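These notes concern the structure reproduced below.
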Amino acid sequence: MTVPLSEDHARALDAGDPLAALRAGFHVPLHEGREQAYFCGNSLGLQPRDARAHVEEVLEKWAHEAVEGHFRGQAQWMPYHELVAAPLADVVGAEREEVVAMNSLTANLHFLMVSFYRPTAERPAILIEAGAFPSDRYAVESQIRFHGFDPATDLIELAPDAPGGTVSMAAIEQAIERHGPRLALVLWPGVQYRTGQAFDVAGIARLAHAAGAVAGFDLAHAVGNLPLRLHDAGADFAVWCHYKYLNAGPGAVAGAFVHARHAHTDRPRFAGWWGHEAATRFRMGPRFAPTPGAEGWQLSNPPILGLAPLRASLELFGRAGMAALRARSERLTGYLEALVRGHLDDVLEILTPAERGCQLSLRVRAGREAGRALFEHLAADGVLGDWREPDVIRISPAPLYNHHADVLRFARSALRWREGQ
Ligand SMILES: Cc1ncc(COP(=O)(O)O)c(C=O)c1O
């Protein structure tokens, strides 16, 4: 049965859902006096209303306590990163000691590769997906060169083998089997940024380990989008950013996971004083003794103003719970899929497979020119997705703040555009 294009129906789908009220906790940009239908949580999540209070708390503390803010009163700066570690561990399914908020995503990828990409003449290679996010590709290529190896032979890029530019688990398995003895590291996304395909983190970690390789993950598009169980999945390390589904603001401090089995590792690392064990850090001794766990990879004292908005977002995640958010996300994206299949099938092809988070990547069948025209028509209607060359519009209903009525607005706006063609 075709899903109706009715506002009453869309409103009814949110009516019984307590999570729909969480939208009130966010600033939604206005378009011509009305809240935008904002679908860019895959790029920059909306601002939690409490972010300002958390930032102001830091500014006030700085104004009134100055250096003593590090170790006096509420939300002291010395252990400030610990305020986000426990709720973050819940979001990614990790133990408290396995996660840390620090640096930026690409920086964390490099720092963790320093420890977890240890190539040898027999085992120099890294396996990634063809079409990986450019920063990841630059990072792994530069690491391979840094170690004196050759990306032409040692960077293995697995091409898509399934519809819509997606990659089957069978292809991943075959590639790991084929290159296994030469693989030092398998670096894979949790959710692919272009197609929205979600991958089986545990399955890929298992395959990498069976081949004798390390399993690392870029979870930029997975964190806060899918319930993750990083500890149980057995990933060696993972990195992600907090500006997408974690709503911590542009260029927000990023996140990293190091599995508990490496908590006391003697692998090489690039060290800094904030990674030194907290109890003796201020003895200012010359010998580095790492804090066990992920915090041992910290370099610098963290940017407190940068961490403050993340606290606001994590409070909302804590209230909702990842399992309930995922259930709502499946309903929202399922509704989007049903509207596209039922009413817009001649305009849009869904590239995203059933294994997905909240994002649908929609290829405009009529090609780039028509696609740009549709994208601009949507934006002029207050419906904001994002554009990926050459012909893809990404629409990501975020369960924390999107309503079914937003999704309906997208479908109706696209239909109006089609009627005008
Ligand atoms: C999948 C993926 N990896 C890496 C990055 C790079 O992130 P950063 O600029 O925070 O290092 C992004 C940014 O959007 C991304 O989507």
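Could you tell me the calculated FRET efficiency between V67 and R261, based on Cβ-Cβ distance and R0 = 35 angstrom, to the nearest 0.05?
That gives a FRET efficiency of 0.35.
Taking every DSSP beta bridge that has both residues in region 55-318, what percent is antiparallel when rounded to the nearest 5?
Among the beta bridges of region 55-318, antiparallel pairing accounts for roughly 40 percent.
Can you bin region 164-239 into rounded, prolate or oblate? Criterion: square roots of the alpha carbon gyration tensor eigenvalues sorted a ≥ b ≥ c, rounded for a/c under 1.5, prolate for a/b above b/c, oblate for the rest.
Note, shape of region 164-239 comes out oblate.
Run lengths n ≥ 4 of DSSP H only: what is the helix-derived mean residue ellipticity at 222 nm for the chain, with -39500 (n - 2.57) per run over all residues, to the nearest 500?
The helix-only estimate for the chain comes to -12000 deg cm²/dmol at 222 nm.
Counting other Cβ atoms within 10 Å, which GluC sites (Glu not before Pro) in region 26-91 have at most 12 and lie in a DSSP loop?
E32
What residues qualify as long-range amide H neighbours of N247, i.e. H under 5 Å apart, gap of 5 or more or another chain, H built at 1.01 Å from N?
Excluding prolines and chain starts, which carry no amide H, the hits are G45.
Of the trypsin sites (Lys or Arg not before Pro) in region 272-362, which ones lie in a loop per DSSP and count no more than 11 other C-beta atoms within 10 Å?
Passing sites in region 272-362 are R287.
Under the Karplus relation 6.51 cos²θ - 1.76 cosθ + 1.60, θ = phi - 60°, what is the ordered set of whole-Hz ³J(HN,Hα) values for region 87-93, x standing for Gly and Pro?
x, 5, 4, 5, 5, 9, x
Keeping all protein chains in position, work out how much accessible area I144 exposes to a 1.4 Å probe, and write it in Å² to the nearest 10.
Rounded to the nearest 10, the figure is 0 Å².
In percent, how large is the relative contact order of region 71-218, given Cα pairs closer than 8 Å and 6 or more residues apart?
Relative contact order for region 71-218 comes out at 20 percent.
If you build a Gaussian network model of the chain, linking Cα atoms that sit under 10 Å apart, which residue out of V114, V223, V100 swings the most?
V114
Rolling a 1.4 angstrom probe over the protein heavy atoms, how many square angstrom per residue are accessible across the chain?
42 Å²
Calculate I(q)/I(0) for region 91-148 by the Debye formula, one identical point scatterer on each C-alpha and no solvent, and give its log10 at q = 0.13, 0.17, 0.30 Å⁻¹ to two decimals.
-0.42, -0.68, -1.27
Please state the shape class of region 1-130: rounded when a/c is under 1.5, otherwise prolate if a/b exceeds b/c and oblate if not, all from the C-alpha gyration tensor.
Here region 1-130 falls in the oblate category.
Amide H to amide H under 5 Å from Q36: which residues, 5+ apart in sequence or cross-chain, H placed 1.01 Å off N in plane?
L30, H31
Leaving out ligands, DNA and RNA, what percent of the accessible area of the chain is carbon and sulfur, probe 1.4 Å?
54 percent
For the chain, which longest stretch is free of loop sites, where a loop site is one of the chymotrypsin sites (Phe, Trp or Tyr not before Pro) that DSSP puts outside H, G, I, E and B and that has at most 12 other Cβ atoms within 10 Å?
Longest gap between qualifying sites, sites excluded: 72-269.
Suppose the chain between E32 and M169 were pulled fully straight at 0.36 nm per residue; how much longer would it get relative to their current alpha carbon spacing?
Length gained between E32 and M169: 44.8 nm.
Under 1.5 on a/c is rounded, so check that first for the chain, then, if it is not, pick prolate when a/b is larger than b/c and oblate when it is not; a ≥ b ≥ c are the square roots of the alpha carbon gyration tensor eigenvalues.
oblate
With labels modelled as points extended 7 Å from the Cα through the Cβ direction, what inter-label distance (nm, one decimal) is found for L5 paired with D200?
Going from the L5 label point to the D200 one covers 3.9 nm.
How high is the relative contact order of region 187-293, in percent, with contacts defined as C-alpha pairs under 8 Å that are six or more residues apart?
Computed over region 187-293, the figure is 19 percent.
Using the Karplus curve 6.51 cos²θ - 1.76 cosθ + 1.60 with θ = phi - 60°, what ³J(HN,Hα) values do you get for each residue of region 319-333, in whole Hz, with x for Gly and Pro?
With coefficients 6.51, -1.76 and 1.60, one gets 5, 7, x, 5, 5, 5, 5, 5, 4, 5, 4, 5, 5, 5, 6 Hz.
Long-range amide H contacts for F26: which residues qualify at under 5 Å (H placed 1.01 Å from N, peptide plane, sequence gap of 5 or more or a different chain)?
Those qualifying (amide H under 5 Å, at least 5 residues apart or on another chain) are R49.
Suppose R0 equals 60 Å; then what is the FRET efficiency for R341 and R145 from their Cβ-Cβ distance, rounded to the nearest 0.05?
0.85
For the chain, what relative contact order do you get, as a whole percent, if you take Cα pairs closer than 8 Å and at least 6 residues apart?
24 percent
Which whole-Hz ³J(HN,Hα) couplings does region 337-348 yield from phi under the Karplus relation 6.51 cos²θ - 1.76 cosθ + 1.60, θ = phi - 60°, glycine and proline marked x?
Per residue, the Karplus-derived 3J(HN,Hα) values read 4, 5, 5, 5, 5, x, 10, 10, 4, 7, 9, 10 Hz.
Work out how much length R283 to T153 would gain on full extension: take 0.36 nm times their residue separation and subtract the Cα-Cα distance, in nm to one decimal.
42.1 nm
Please find the FRET efficiency linking Y138 to S300, where r is the Cβ-Cβ separation and R0 is fixed at 30 Å, and quote it to the nearest 0.05.
Working from the Cβ atoms, E equals 0.85.
Taking the Cα-to-Cβ direction at R178 and at E60 and moving 7 Å from each Cα, how far apart do the two end points lie in nm?
With each label point 7 Å from Cα toward Cβ, the separation is 6.1 nm.
With angles folded into 0 to 90 degrees, how steeply does helix 134-146 sit against the dominant principal axis of the chain? Use alpha carbons for both and round to 10.
For helix 134-146, the angle is close to 30 degrees.
Suppose each label sits 7 Å from its Cα in the direction of the beta carbon; what would the R319-D232 distance come out to in nanometres?
Placing both labels 7 Å along Cα→Cβ, they lie 2.7 nm apart.
The values are calculated or read from the model by the stated rules, or taken from the named source; none is laboratory data. This one's a predicted model, so the numbers in the text were calculated from it and none came from an experiment. Note: ideal-geometry Cβ built from the backbone for every residue, glycine included; neighbour counts use all protein chains shown. Each accessible area value is taken on the protein alone, full model and side chains, heavy atoms only, with ligands, DNA and RNA left out. Shrake-Rupley method; radii C 1.70, N 1.55, O 1.52, S 1.80 Å.
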